[in-house]
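The values are calculated or read from the model by the stated rules, or taken from the named source; none is laboratory data. Computed from a predicted model, the values in this text were never measured in an experiment. Cβ sites come from the backbone with ideal geometry, for glycine too, and all protein chains shown count toward neighbours. Calculation scope for accessible area: heavy atoms of the full protein, side chains included, ligands and nucleic acids excluded. Shrake-Rupley method; radii C 1.70, N 1.55, O 1.52, S 1.80 Å.
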Amino acid sequence: MVKNLVIVESPAKAKTIEGFLGKDFVVTSCYGHIRDLEKKNNGVDIENNFKPTYLVPDDKKVVVNDLKKLSKKADTVWLASDEDREGEAISWHLKEELKLEEKNTNRIVFHEITKPAILNAIETPRSIDYNLVESQQARRILDRLVGFEISPVLWRKVKPSLSAGRVQSVAVRLLVEREMEIDGFEAESKYRVVAVFYAEENGKKRPFKAELNKKFDTYREAEEFLNVCKDSEFTLSSLEKKPLKKKPAPPFTTSTLQQEASRKLRFSVSRTMAIAQKLYESGKITYMRTDSVNLSDLALGSAKQAITENYGPKYSHTRKFKTKQASAQEAHEAIRPTYLNQESVAGSKEEKALYELIWKRTIASQMSEAEIEKTTAKIDVSKSDYVFTATGEVIKFDGFLKVYLESTDDEENGKEDNAILPPLHKDQQFEYESITATERYSRPPARYTEASLVKKLEELGIGRPSTYAPTISTIQKRGYAERSERESKERNYSKLVLTGKGEIVSKKLTEVTGADKGKLFPTDIGILVNDFLMKYFPNILDYKFTATVEGELDDIANGKRDWAKMLDSFYWPFHDTVEEAIEKSERVSGERILGKDSQGRQVSVRMARFGAVAQILDTNDPEAKPMYAGLRNGQKLGSITMEEALELFKLPRTVGQFEEKDMVVAIGRFGPYIRHDGKFYSLNKNYDPYTIGADSAVLVIQEKRKKDAEKFIKAFDEDPEIEILNGRWGPYIKSGKLNVRIPKGTDANELAFDEVMKLVEEAAEKKGTDNKGGKKKAASTKKTGEKKTTAKKAPAKKTTAKKSTTAKKSTTTKKK
């Protein structure tokens, strides 16, 4: 018999917690959700008050069976899944599926994995919070209904295998609208004037910069002003010194952690959450899904002690932050280090970096304000009404800046705001070293990064801490957006310089502009799907409507709204919209006819099965077959020109011969390549398939051959398909599709065939594959024949939430 069985979500967490509890406790893991809605009939009985049908997926059956055996032997079962809605739902699913009795079941929660927190949770158990369960259940059903009804419409009207989602589609809309803003943006140029003046300091001339309060529209206006400056005097008309105080940012929430990790560490949203999960499960930080900025009294005390010991008492300033959002829920505490006296922790390079970021942010939030003196000097031009302004900052007391300064998404920083000015006084006159008028172009709105998109969703009230990372990942996996780069372009600009000798020198210069790295770009299919949904499902993509739904889910979590009634009020108008879209909408491909080529054939672009393509078709010849070419990276259906489209048909092209065989350049599904002697050689971004010459093509082939030769270690006559190769992490065995590690200390060159086969068979057994990497046939036949659900008419009679009084009992255990 087992006295106490504790069930947590992950094995890593189980291992950590087991060390805190005595011999009377067994800690095991359920590996996250153990049940989900069945796919048949959407898994939701709409007629029966939206009653869900849950099934244990095949990959969780072994886990569930093991848990059943353990729970039957236990006197008490402790459900210790995470403290948010998903965690509460996992506990409820465990209770239902394992058929746990109320009297022998305890629900415990904790927001940090420390011995005191775990023991306190054991001492203060509670029952399952069915409001949280119903809120999670309502969200899951709602998302299933939206996805399962809209997706088939997209399959029929746009392209097979597409999907829609209540939150993901809104995220794509944000990206598309921003891209439209950028496409419609026309850069305007103005001339910014900056002077370098001299001031006396300790008998020496010290230069400082000042900017004119006027930007000129034209070259001529800028030149006229510089001519005025030749004979002008420059006098300090006002000098203002203002003390300022800067306050630290609050501790991290899920959203702000994702944003700062993106800016400072260049982590993607999903990477940040994966690393944070490891830190949490190993007991190093508190729970990482939260929208609270609150810190516990214990944390405040620990922070004060750490700051006083490391920096002195004058750097300590205890403050309590309050969450601004009225919708903040699952609240407990901000993300912070478990032990604030630990400035660093053991772990991978990424874990150390993220932990240090969290530590600095938490400590800084409890430190004194930074005291700054800001100086603003205004300098008159005797023969003009315009004024030069010089600004500077002096830090009088660094306070929290000693530890941490929050980054921003603002990429435009052309001013010298943080310069330190020399000693200045009113009526002081200055000589200029130079006065420069530089042509500067206005910038389009910045594309979203993963983190700034999360920030925007949070501002709109769309999504919650647990949904940000999955949403960003989903829109990229679905092919609606891509995290990509755009190459820079050269642009000419003018500069006029009034030298200290009174001469105006004009220069024509070139700058590099337009480069975008690590930004989210909507794809053509993303734009096409968004346009379709905006036309036929405007409510689903409406920002306020989506935020209202989130608010209603919060009300359910707080016990203020009935989940079935909420679904009922949403579903029927939504379903009517689906029916109308099926009836009225036409199939779309985003086709644009660009014109006719020199031979009179029609040139167009459209969305095809594997992506956007250009097409040439002789409309006068019914027998003529169309010619196709895929669009290049960065080209869009909505903006590609006739010339750009025709350029695409120059491939494939023969660039020359090597070893008496043709080298043919083309673009395939996976990018540009060279075909030579039946083999394919990928071209990286350094080579343009449209311009690459024979010499460069030979170089690509030779470099690939060299790499392959360095990679090869050994092959076997007994089976030519089995090879020993050099990989990124050392030698390994390749057997068909299966890659097998070679144990440390083993000389790969000395391995015999029978030794290799033994390693291959052991690895294949573990992975459930045959020794060539193919999947083994299942011992038992799986159920097949489930058809994809299509958008179909709902029952003629609508059953509202009011008509059923037993539904609640059928989906959740009755509250006690």
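Residue-wise test of (1) aliphatic (A, V, I, L, M); (2) outside any strand (DSSP E or B); (3) surrounded by fewer than 20 Cβ atoms within 10 Å (Cβ to Cβ).
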{"site": "N41", "(1), (2), (3)": "no, yes, yes"}
{"site": "V63", "(1), (2), (3)": "yes, yes, yes"}
{"site": "V77", "(1), (2), (3)": "yes, no, no"}
{"site": "G87", "(1), (2), (3)": "no, yes, no"}
{"site": "K103", "(1), (2), (3)": "no, yes, yes"}
The residue that is surrounded by the fewest Cβ atoms within 10 Å (Cβ to Cβ), considering only those in the stretch 436-457 that are of a type outside the set (D, E, K, R) and within 20 Å of T254 (Cα to Cα), is S452
Would the stretch 153-170 turn up any residue that is basic (K, R) and at pLDDT 95 or above?
no
The stretch 616-638: number of residues that are assigned to a strand (DSSP E or B) and open to solvent by less than 20 Å² (accessible area, probe 1.4 Å):
2
Would you check if S302 is modelled with pLDDT of 95 or more and either assigned to a helix (DSSP H, G or I) or crowded, with 16+ Cβ neighbours inside 10 Å (or both)?
yes
Taking the stated definitions as given, is F545 without any contact (Cβ under 8 Å) to a residue 12 or more places away in the chain and in a helix (DSSP H, G or I)?
yes
Residue satisfying all of: in the stretch 534-569; open to solvent by 20 Å² or more (accessible area, probe 1.4 Å) and among the hydrophobic types (A, V, I, L, M, F, W, C); farthest from D143 (Cα to Cα) among these:
M534
Suppose we keep only residues that are without any contact (Cβ under 8 Å) to a residue 60 or more places away in the chain and in a loop (DSSP other than H, G, I, E, B) within the stretch 458-489. Which one would you say is least open to solvent (accessible area, probe 1.4 Å)?
G479
Quick test of your reading of the structure: K157 fulfils all but one of (1) more than 42 Å from the chain's Cα centre (by Cα); (2) open to solvent by less than 40 Å² (accessible area, probe 1.4 Å). Name the failing condition by number.
(1)
Is it the case that F537 is touching a residue at least 60 places away in the same chain (Cβ under 8 Å) and under 30 Å from N49 (Cβ atoms)?
yes
Out of all the residues in the stretch 272-282, is one or more at pLDDT 95 or above, of a type in the set (G, A, S) and assigned to a helix (DSSP H, G or I)?
yes
Looking at (1) assigned to a strand (DSSP E or B); (2) open to solvent by less than 60 Å² (accessible area, probe 1.4 Å), which is the only condition K734 fails?
(2)
Failed item in (1) at pLDDT 85 or above; (2) more than 30 Å from G479 (Cβ to Cβ); (3) under 40 Å from the mean Cα position of the chain (by Cα); (4) open to solvent by 50 Å² or more (accessible area, probe 1.4 Å), with T746 passing the rest
(3)
Do we have any residue at all in the stretch 710-727 that's in a helix (DSSP H, G or I), open to solvent by 40 Å² or more (accessible area, probe 1.4 Å) and either at pLDDT 90 or above or on the phi < 0 side of the Ramachandran plot (or both)?
yes
Of all the residues that make up the stretch 210-245, how many are open to solvent by 80 Å² or more (accessible area, probe 1.4 Å) and closer than 30 Å to S292 by Cβ?
1
Unique match (being out of contact with any Phe, Trp or Tyr (no Cβ under 9 Å at 6 or more places or on another chain), buried (at least 16 other Cβ atoms within 10 Å of the Cβ) and not polar (S, T, N, Q)) among R266, R271
R271
Go over the candidates N633, N686 one by one and state the one that is closer than 18 Å to G590 by Cα and at pLDDT below 90.
N633
Residue, farthest from T290 (Cα to Cα), within the stretch 105-129, restricted to residues that are out of contact with any strand residue (DSSP E or B) (no Cβ under 9 Å at 6 or more places or on another chain) and open to solvent by 30 Å² or more (accessible area, probe 1.4 Å):
E123
Complete set of residues in the stretch 703-730 that are touching a strand residue (DSSP E or B) at 6+ places or on another chain (Cβ under 9 Å), closer than 17 Å to K758 by Cα and in contact (Cβ under 8 Å) with a residue 24 or more places away in the chain:
K714, F716, D719, E721, I722, I724
In the set K284, K278, K242, the lone residue that is within 21 Å of A370 (Cα to Cα) and among the basic types (K, R) is K242
Pairs, first at pLDDT below 90 in the stretch 1-24, second of a type outside the set (G, A, S) and surrounded by fewer than 17 Cβ atoms within 10 Å (Cβ to Cβ), C-beta under 6 Å, six or more apart:
M1/K73; V2/K73
Is there a residue in the stretch 504-525 that is open to solvent by 70 Å² or more (accessible area, probe 1.4 Å), in contact with a Gly (Cβ under 6 Å, 6 or more places away or on another chain) and part of a strand (DSSP E or B)?
no
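Yes/no matrix, rows are residues, columns are (1) touching a Cys at 6+ places or on another chain (Cβ under 8 Å); (2) among the basic types (K, R); (3) crowded, with 19+ Cβ neighbours inside 10 Å; (4) in a loop (DSSP other than H, G, I, E, B):
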{"site": "W359", "(1), (2), (3), (4)": "no, no, yes, no"}
{"site": "T362", "(1), (2), (3), (4)": "no, no, yes, no"}
{"site": "T375", "(1), (2), (3), (4)": "no, no, no, no"}
{"site": "K378", "(1), (2), (3), (4)": "no, yes, no, no"}
{"site": "F388", "(1), (2), (3), (4)": "no, no, yes, no"}
{"site": "G392", "(1), (2), (3), (4)": "no, no, yes, no"}
{"site": "L401", "(1), (2), (3), (4)": "no, no, no, no"}
{"site": "E406", "(1), (2), (3), (4)": "no, no, no, yes"}
N492 vs (1) open to solvent by 60 Å² or more (accessible area, probe 1.4 Å); (2) in contact with a Leu (Cβ under 8 Å, 6 or more places away or on another chain); (3) outside any strand (DSSP E or B): all pass except (3)
Across the stretch 13-39, the tally of residues that are under 33 Å from the mean Cα position of the chain (by Cα) and not in a loop (DSSP other than H, G, I, E, B) stands at 9
From the list Y673, Y687, which residue is touching a strand residue (DSSP E or B) at 6+ places or on another chain (Cβ under 8 Å), free of Cβ contacts under 8 Å to residues at least 24 places away in the same chain and assigned to a loop (DSSP other than H, G, I, E, B)?
Y687
Total residues in the stretch 586-595, condition surrounded by fewer than 14 Cβ atoms within 10 Å (Cβ to Cβ) and either in a strand (DSSP E or B) or polar (S, T, N, Q) (or both):
2
